[in-house]
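Student: Could you have a look at this structure, given as structure tokens, before my questions?
Derivation of every value follows stated rules applied to the coordinates shown; laboratory data play no part. All of these numbers come straight from a predicted model, not from anything done at the bench. With ideal geometry, Cβ positions are generated from the backbone for all residues, glycine too; neighbour counts draw on all protein chains shown.
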Amino acid sequence: MIETPRLRLRRLRPSDEGDLIALDSDPEVMRHVGSPAGTRPADETAARVRQRIAEDQAPLGFWLVESRAGVAHGLCALLRMPAGDDIELAYRLARDSWGQGIATEAARALVGHAFGALRLPRLVAVTYPDNLASQRVLEKVGFTQRGFVDYTGVRVVHYVITPEALGVS
Ligand SMILES: CC(C)(COP(=O)(O)OP(=O)(O)OC[C@H]1O[C@@H](n2cnc3c(N)ncnc32)[C@H](O)[C@@H]1OP(=O)(O)O)[C@@H](O)C(=O)NCCC(=O)NCCS
């Protein structure tokens, strides 16, 4: 469990299934998520959510982002990039939770965990070029933009952060 002033980041539970299926079924949430981006057929979405809950990728994997009172906001994750050794920071929130600094607070906490407890040497993040809100989150957290990379056949903006750049080494 990772705690911030407003949030808890905790591992997924079977009881999260409904919230997670709703999250991944919202076309606005999924507009810039996945390659290709967008929602999937309902059966595929449900199967992916169940697999995500069942799969233990510790110390990497998915965390539920919820309020201190236990209201679900969304997901954040540390995931292996499809190519190479890098670990990617990823996040998505339900629409009701946008615009309150929640993604920035959750991302900052997970970066702190990655460089603290997990001792990762660096993290990367990728966004679609028109996902300005996500790019702003990464900049606020302290990521540096490093041009474009290919992500499973899609051209995305590439971001990097290191403990040294954050001053936590
Ligand atoms: C992207 C997302 C995670 C942002 O979450 P959030 O909690 O609203 O983010 P925050 O409030 O911490 O910060 C958002 C920043 O982007 C800015 N922003 C929001 N929409 C914007 C837009 N269309 N253009 C430019 N900036 C924008 C906000 O003003 C804020 O910056 P500020 O603090 O300087 O004002 C959320 O919108 C989301 O889940 N989107 C769908 C899934 C997704 O795209 N995930 C990322 C995939 S890479």
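Student: Please list 3J(HN,Hα) in residue order for region 13-21, calculated via the Karplus relation 6.51 cos²θ - 1.76 cosθ + 1.60 where θ = phi - 60°; whole Hz, with x for glycine and proline.
Tutor: The phi angles translate into 10, x, 5, 7, 3, x, 4, 6, 5 Hz.
Student: Picking from 91, 142, 62, whose Cα lies most toward the positive end of the charge dipole for the chain (charges on Cβ: Lys, Arg +1; Asp, Glu -1)?
Tutor: The residue sitting farthest along the positive end of the dipole is 142.
Student: Spelling out what I want: for every residue of region 63-75, take phi, set θ = phi - 60°, compute 6.51 cos²θ - 1.76 cosθ + 1.60 (Karplus), and round to whole Hz; glycine and proline get x.
Tutor: 10, 7, 9, 9, 6, 4, 8, x, 8, 6, 9, x, 10
Student: Also, I was wondering about something else. Using alpha carbons only, how many angstrom separate the centre of region 22-67 from the centre of region 121-159?
Tutor: A separation of 19 Å, based on Cα centres.
Student: Give the residue list of GluC sites (Glu not before Pro) in region 49-99 that are DSSP loop and have at most 16 other beta-carbon atoms within 10 angstrom.
Tutor: Within region 49-99, the qualifying GluC sites (Glu not before Pro) (loop, at most 16 other Cβ atoms within 10 Å) are 55.
Student: Classify the chain from the C-alpha gyration tensor, please: rounded if a/c falls under 1.5, else prolate or oblate depending on whether a/b exceeds b/c.
Tutor: Working: a/c = 1.45, a/b = 1.16, b/c = 1.25.
Rounded.
Student: If you don't mind, there's one more thing I want to ask. Search the structure for amide H atoms under 5 Å from the amide H of residue 120, placed 1.01 Å from N in the peptide plane, and list their residues when 5 or more places away or on another chain.
Tutor: 115
Student: At a threshold of 8 angstrom on Cα-Cα distance, excluding pairs fewer than six apart, so keeping six or more, what relative contact order does region 39-149 reach in percent?
Tutor: Across region 39-149, relative contact order equals 17 percent.
Student: Check which residues have an amide H placed less than 5 Å from residue 74's amide H, if you skip close sequence neighbours.
Tutor: Answer set, sorted by chain and number: 65, 94.
Student: Residue-wise, which Karplus ³J(HN,Hα) couplings in Hz belong to region 136-151, taking 6.51 cos²θ - 1.76 cosθ + 1.60, θ = phi - 60°, and x for glycine or proline?
Tutor: Result, rounded to whole Hz: 5, 4, 5, 5, 5, 6, x, 5, 10, 6, 10, x, 10, 9, 8, 10.
Student: Under the rule of at least 5 residues apart or a separate chain, name every residue whose amide H is placed under 5 Å from the amide H of residue 151.
Tutor: HN-HN under 5 Å from residue 151: 156.
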